[in-house]
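Visitor: Mind having a look at this structure? Questions to follow.
The values are calculated or read from the model by the stated rules, or taken from the named source; none is laboratory data. Note that this is a predicted model, so its numbers are computed, not measured. Cβ: placed from backbone, ideal geometry, glycine included. Neighbour counts: every protein chain shown.
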Amino acid sequence: MIKAIFFDIDGTLLTNKGRIAKNTKKAIRDLHKKGIVCGVSTARTPKSVAHILKDLPFDLFIACNGQLVYTKEQMIYERAFESEALAEIISYADQHFRQMILCGKNHSVGSWTMRFGQSQFLLHFMRFVPHYFPIRKMKRFLQKYSPNRRKQRYSGLAILKEPIYQCVMLSPEYETERLAAALPHCDLKRSNPYSVDIVPKGSSKLAGLKFLVEHLDIKLEETMVFGDHLNDIEIIQGAGMGVAMGNATAKTKQAADYVTATNNQDGITAALRYFNLIKE
């Protein structure tokens, strides 16, 4: 019996237009009425999550890829970077002139380019960008001509006096191996081909789910998870029922128990109806 359901946000809960579909909102409210707890598991920060989910009955939150786990009432678990790991990230970003965002609990600081890249406007625009978009050339252009190109760009930021839970760096997929070698105390999580989420070693959405399962006093087998990208694979495999969206990566679909329609085709609603968790 499913007692709690968790949704990834980008590419899952949100359509490509950056909105939650009307049928999806109704489905979440119907689940809430049935007593099924709803939560999100996302790479986003708590502030961003709160803005997107306003007016919807979500009770549980896994943010920053599992670094912040909380309910509406209390923080269940949090894990920030150790000083050594954070120093490795800052050093790499400064030496290689990388665009990066540093995520604290209540706010994020860093590259204007990166923050603009996460805006709803650009997410909408990117639907029209061809799949053969020259990522390597774009990265080199930003590194060479960015108005913020300077040494020690990040090492002097005031936010470093606060706990940092996640860093988001402009780094295409082909650089993953080199970046992993440079950051031995970190794990790399991807939710798109253009940037990478850097978190403390051993972190994951699944680890966050395990804390919430213990808090709710339920079993992992009584949870369902929806996701679409590589950073969702572990939690999809660990949950009682893992559902991949129709727009998910091939590896994510292979890891899932069930593949539903896309985020633009009411995939969440279709899966919930398939498993008789909501009515037609």
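Visitor: Answer yes or no as to whether I90 is part of a helix (DSSP H, G or I), in the same structural domain as C167 (by TED's automatic domain parsing) and either crowded, with 20+ Cβ neighbours inside 10 Å or under 15 Å from the mean Cα position of the chain (by Cα) (or both).
Guide: Yes, satisfied.
Visitor: Here's another thing I want to ask about it. Take the residues in the range 33-56 that are assigned to a loop (DSSP other than H, G, I, E, B) and surrounded by 15 or more Cβ atoms within 10 Å (Cβ to Cβ); name whichever of them is farthest from the chain's Cα centre (by Cα).
Guide: By that ranking, first place goes to I36.
Visitor: Now for a different question. Is it the case, given these coordinates, that S155 is under 25 Å from E234 (Cβ atoms) and modelled with pLDDT under 90?
Guide: Here the answer is no, as S155 does not meet what is asked.
Visitor: Mind checking whether some residue in the range 11-32 is at pLDDT 95 or above, assigned to a loop (DSSP other than H, G, I, E, B) and charged (D, E, K, R)?
Guide: no
Visitor: Looking at the range 243-259 only, could you name the residues that are within 16 Å of the chain's Cα centre (by Cα) and among the small types (G, A, S)?
Guide: Scanning the range 243-259 gives A244, A248.
Visitor: Which of the following residues is out of contact with any helix residue (DSSP H, G or I) (no Cβ under 9 Å at 6 or more places or on another chain) and crowded, with 19+ Cβ neighbours inside 10 Å: A256, A271, A207?
Guide: Every option except A271 fails the conditions.
Visitor: Within the group D197, D232, D228, which residue is touching a strand residue (DSSP E or B) at 6+ places or on another chain (Cβ under 6 Å) and either of a type in the set (A, V, I, L, M, F, W, C) or in contact (Cβ under 8 Å) with a residue 12 or more places away in the chain (or both)?
Guide: After ruling out the rest, the residue left standing is D197.
Visitor: Now for a different question. Would you mind stating whether G242 is in a strand (DSSP E or B), free of Cβ contacts under 8 Å to residues at least 40 places away in the same chain and out of contact with any Cys (no Cβ under 6 Å at 6 or more places or on another chain)?
Guide: Spelling it out, G242 is indeed in a strand (DSSP E or B), free of Cβ contacts under 8 Å to residues at least 40 places away in the same chain and out of contact with any Cys (no Cβ under 6 Å at 6 or more places or on another chain).
Visitor: Evaluate the following for L68: is it of a type outside the set (F, W, Y) and under 16 Å from the mean Cα position of the chain (by Cα)? Give the steps one after another, and end with the answer.
Guide: Values: of a type outside the set (F, W, Y): yes; under 16 Å from the mean Cα position of the chain (by Cα): yes.
Yes, satisfied.
Visitor: Which pairs do you get when a residue that is closer than 20 Å to L102 by Cβ and at pLDDT below 95, found in the range 73-86, comes within reach of a residue that is of a type in the set (D, E) and assigned to a strand (DSSP E or B), reach meaning Cβ atoms under 9 angstrom, with the pair 6+ apart or on two chains?
Guide: Filtered contacts from the range 73-86: no entries.
Visitor: Pairs needed: first member in the range 96-107, closer than 18 Å to I76 by Cα; second member anywhere, not in a loop (DSSP other than H, G, I, E, B); C-beta distance under 8 Å; at least 6 residues apart or different chains.
Guide: Filtered contacts from the range 96-107: G104/I159; K105/P46; K105/L68; K105/E78; N106/P46; N106/K47.
Visitor: Which numbered condition trips up S191, out of (1) under 19 Å from F61 (Cβ atoms); (2) modelled with pLDDT of 95 or more?
Guide: (2)
Visitor: What about L122, is it on the phi < 0 side of the Ramachandran plot, at pLDDT below 85 and surrounded by fewer than 14 Cβ atoms within 10 Å (Cβ to Cβ)?
Guide: yes
Visitor: Of all residues in the range 210-232, how many are surrounded by fewer than 24 Cβ atoms within 10 Å (Cβ to Cβ) and part of a helix (DSSP H, G or I)?
Guide: Selection size over the range 210-232: 10.
Visitor: Quick one: which of A248, A261 is among the aliphatic types (A, V, I, L, M), surrounded by 20 or more Cβ atoms within 10 Å (Cβ to Cβ) and in a loop (DSSP other than H, G, I, E, B)?
Guide: Exactly one of A248, A261 is among the aliphatic types (A, V, I, L, M), surrounded by 20 or more Cβ atoms within 10 Å (Cβ to Cβ) and in a loop (DSSP other than H, G, I, E, B), namely A248.
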